[in-house]
């Protein structure tokens, strides 16, 4: 009784495997698909690749929007997607640029908030970025008399 059931199961499995190889699945299906894709290449680039190519100026706006439309993106959405993969200044660079331009702290914080920082965190980051001399530096400077009135007037750039 067991042997006929086993033979039926093996036969069904073998038949299913052969049919699976002949239908568009399995290695034969993959080879068939690869052959037809080589004759008629219809595979499109994914949106992330298109965005990167656009930022690298390898494709123009018109081609970018056309290909993104095939992926289901409107022009507005495609342009919004570019913002997510664009390179932005890091917070340290924003702070240094603000200091070089002699911006007040409030304006630098506003710039950080415009780049995605939360207001209180931006204020803390700006405070932490400022140079504070170590106790060792203060002792060293005191020993070299840099705080003496004569030294301050002679060497300080703002006096």
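The values are calculated or read from the model by the stated rules, or taken from the named source; none is laboratory data. As the structure is a computational prediction, the values presented were derived from the model and not from experiment. Don't worry about glycine lacking a Cβ; one is built from the backbone with ideal geometry, like all the others, and counts go over all protein chains shown.
A few remarks follow.
- Looking only at the stretch 118-133, and only at residues there that are touching a helix residue (DSSP H, G or I) at 6+ places or on another chain (Cβ under 7 Å) and surrounded by 12 or more Cβ atoms within 10 Å (Cβ to Cβ), the one that is farthest from residue 83 (Cα to Cα): 129
- Only one entry of 144, 103 meets the criterion of being at pLDDT 95 or above and not assigned by TED's automatic domain parsing to the domain that holds residue 51, and that entry is 103.
- Residues being surrounded by fewer than 16 Cβ atoms within 10 Å (Cβ to Cβ), in a helix (DSSP H, G or I) and under 19 Å from the mean Cα position of the chain (by Cα) - total across the stretch 54-78: 2
- The set of residues from the stretch 83-117 being surrounded by fewer than 16 Cβ atoms within 10 Å (Cβ to Cβ) and under 16 Å from the mean Cα position of the chain (by Cα) comprises 83, 84, 85, 86, 87, 88, 89, 90, 115, 116.
- Pairs with Cβ under 6 Å, 6+ apart, first in the stretch 115-136 and under 18 Å from residue 89 (Cβ atoms), second exposed (fewer than 10 other Cβ atoms within 10 Å of the Cβ): none
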